[in-house]
Structures are given as C-alpha cells and as structure tokens.
Amino acid sequence: MPPVALVTGASRGIGAATARGLASRGYDLALTYERAAADAETVAASCAAHGVKASIYQLDVADESQVERLFAQLDQDFGSLDALVNNGGITGPSCRLEELKGDTLAHVFAVNVFGSMICAREAIRRMSTRRGGRGGAIVNLSSAAARLGSPNEFIHYAASKGAVDTFTLGLARETAEEGIRVNAVRPGLIETEIHASSGLHDRVERLSPMIPMKRAGSAEEVAEAVCWLLSDAASYVTGAIIDVAGGR
Ligand code: NDP
C-alpha cells in the first residue's frame, strides 16, 4: 500500500510544491484548500500524473468541527494516514502591534496555531501505535519570523509561529515512543502569494538584498526539506526545526 499524506493549504505556494514532491515519491494525497478550489484541482491533477491518488477537500483549519469532519472523511476515502503537513497558514494584514486589531490576532492564531494543533491531534489519534496505528510523521510549517520577531510588519504572525515551534518540540517528545516523528520547517523569505495577501506586494523584491544569499527561496526548496523530514531517510529525526532561509 502506498503511504498516505494530508497536506493542508495545498492549492498554491509551499503546500502545492510539497504535494507535487510527495506525489513524485509515491504518496497518495489528500489536499486541502480554503477558497481556491480550481487551483487545488490543478495541483491534484499534476500530482495524479505521477500515478498516485490525489483528492481535494475544502477546509478552514480554524474550524475544529470541519477538521474533525475532514479526518472522518479521510478514514473512509484512504483508510489510513502516514503523514500530515500542517502548511495552511496566514500572516494577517501587516501592521505595527499598536495598530493590531484583536480580530486579526485571534484569526491568525486560530489558523496557524489552533488549526495545526487540532489537525495534529486528529492525526495522532490515527497514527499512534498506542492506539493501534502504524506510526507516522508530522511536519509543521513554522517561519523564520519565529526567531526574528517581524518588527513593524507581523509580530502577531511571528508569535503564532513561535507557538508552532513550541508545540512541535512538545509533541515530538510526547509521541516519540508511539512511532510518530514531529518536526518543523522554518522557511525564510519564499516567493509565494502570501506577501501580496498581507498587503505587501513588493516585499520579496525589497527584502531579497538583505538575505545572506541575496535572493528569496522557492516553494520547491522548502518542499524538499518537508519531503525529507517525512521520509524514512529522516527516521531518527524528531523535534527538529529546520531553517530553509538562505542564511537569514
Ligand atoms: P500561500 O499564501 O501561497 O498559500 C497559503 C495556503 O494556505 C493556501 O493553499 C490557502 O488556501 C491556505 N489557507 C489559507 N487560510 C486557510 C485556512 N483558514 N484554512 C486552511 N487553509 C488555509 O502561502 P505560502 O505557501 O507562502 O505559505 C505556506 C506556509 O508556509 C504557511 O504556514 C506560511 O506561514 C509558511 N511560511 C511562508 C513563508 C513565505 O515567505 N512564503 C515564510 C515562512 C513561513 P486557499 O488558497 O484555498 O485560500
């Protein structure tokens, strides 16, 4: 049986590149999108071209009941789950903390932190050898923002990714004896639509000269690290947080 992976936020950017990377490695895929159904269909079709199963599902990770329904559906559609990539995430609008709206803060944490943790909970219930599962691997998408703090732009987002790092460390140790590995990837400045979504359309061009490698990274460069962490090649790696940030 091929391994089965769930990738949240796979309609574009890092999630789409990860989906394609996993498809090329033979994973059957459950891919979620929040709004971009047509983009998700395109990604699924490019994955299916590798001869794997690739199904798409609408999901707002911030909604616990939607997450629970999705996992119940995956039980029916795939029967097992070997890998979870907690990728779906948002920055919220860019602002200084003194301008931050409480709603923005709540929504960013609901998506990036609560959503990832609830997805991890559902995955562990299925993967844990203590519960009759066959083990598995989880990769959380953190951000270099977790250690940079993102002053003047996204302190709210950076803090949410700090929480992702912390929950990665705790969950890795909590489940290490149950056949589950939990790791995180911290991308730096990566060329995706997330910057324009936050209102900062020229962010990649503006910040690229400040990166030690003098360029932004690609979604594929991040996906490589995610795919490696999920693979058996990383069988002794858990609780690791890997920077993919061009030296930043
Ligand atoms: P994009 O903005 O390109 O894509 C975001 C993805 O997340 C989309 O598929 C989107 O779905 C999905 N999504 C958005 N909101 C929700 C939600 N409420 N529930 C479920 N899915 C949702 O982002 P990137 O590819 O750039 O980022 C992917 C991850 O990497 C994020 O966690 C981000 O924080 C992290 N990251 C990115 C960096 C970068 O520079 N790009 C740097 C550091 C970390 P849809 O399109 O259907 O709405």
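A few notes on this one:
- The chain: most fluctuating residue of Ile190, Ile211, Ile56 per GNM, C-alpha cutoff 10 Å: Ile211
- Estimated vicinal HN-Hα couplings, Hz - the range 195-208 in sequence order (Karplus 6.51, -1.76, 1.60; Gly, Pro = x): 5, 5, 4, 8, x, 9, 5, 9, 4, 5, 5, 5, 8, 3
- About its Cα centre, the chain has a charge dipole of approximately 460 debye under the convention of +1 per Lys or Arg Cβ and -1 per Asp or Glu Cβ, with nothing else charged.
- Placing unit charges on the Cβ atoms of the charged side chains and taking the dipole of the chain about its Cα centre, the candidate lying farthest along the positive direction among Ala176, Thr32, Leu230 is Ala176.
- 222 nm mean residue ellipticity, helices alone, for the chain (DSSP H n ≥ 4; -39,500 (n - 2.57); rounded to 500): -12500 deg cm²/dmol
- Here is the list for the range 61-149: trypsin sites (Lys or Arg not before Pro) lying in DSSP coil, each with at most 16 other C-beta atoms within 10 angstrom of its C-beta, are Arg96, Lys101, Arg134.
- With a cut-off of 15 Å between beta carbons, the residues surrounding Ser197 carry a summed charge of -3, where Lys and Arg count +1 and Asp and Glu -1.
- Under a 5 Å amide H cut-off, with hydrogens placed 1.01 Å from N, Ile56 pairs with Leu31 among residues at least 5 apart or on other chains.
- Per residue accessible area in Å² of the chain, where ligands, DNA and RNA are left out and the probe is 1.4 Å: 45
- Overall, the accessible surface of the chain at a probe of 1.4 angstrom is composed of carbon and sulfur to the extent of 52 percent.
- Residues considered: Ala216, Ala54, Ala38. Largest GNM mean-square fluctuation over the chain, using C-alpha springs under 10 Å, is found at Ala38.
- Spatial separation of Cα centroids for the range 228-248 and the range 12-82, in angstrom: 22
- Applying the Karplus relation 6.51 cos²θ - 1.76 cosθ + 1.60 with θ = phi - 60° to the range 231-236 yields 3J(HN,Hα) values of 7, 5, 4, 9, 4, 10 Hz, where x marks Gly and Pro.
- In Hz, Karplus ³J(HN,Hα) per residue of the range 132-139 (6.51, -1.76, 1.60; θ = phi - 60°; x = Gly, Pro): x, x, 10, x, x, 9, 10, 10
- Lys, Arg +1 and Asp, Glu -1 on Cβ, resulting dipole of the range 101-248 about Cα centre, debye, nearest 20: 380
- Positive-pole candidate from Val244, Gly13, Leu59, dipole of the chain, charges at beta carbon: Val244
- Restricting the range 154-234 to trypsin sites (Lys or Arg not before Pro) in coil, as DSSP defines it, with at most 12 other Cβ within 10 Å: Lys214
The values are calculated or read from the model by the stated rules, or taken from the named source; none is laboratory data. All values reported here derive from a predicted model rather than from experimental measurement. All Cβ positions, glycine included, derive from the backbone under ideal geometry; neighbour counts span all protein chains shown. Ligands, DNA and RNA are excluded from the accessible area calculation, which covers all protein heavy atoms including side chains. Shrake-Rupley method; radii C 1.70, N 1.55, O 1.52, S 1.80 Å.
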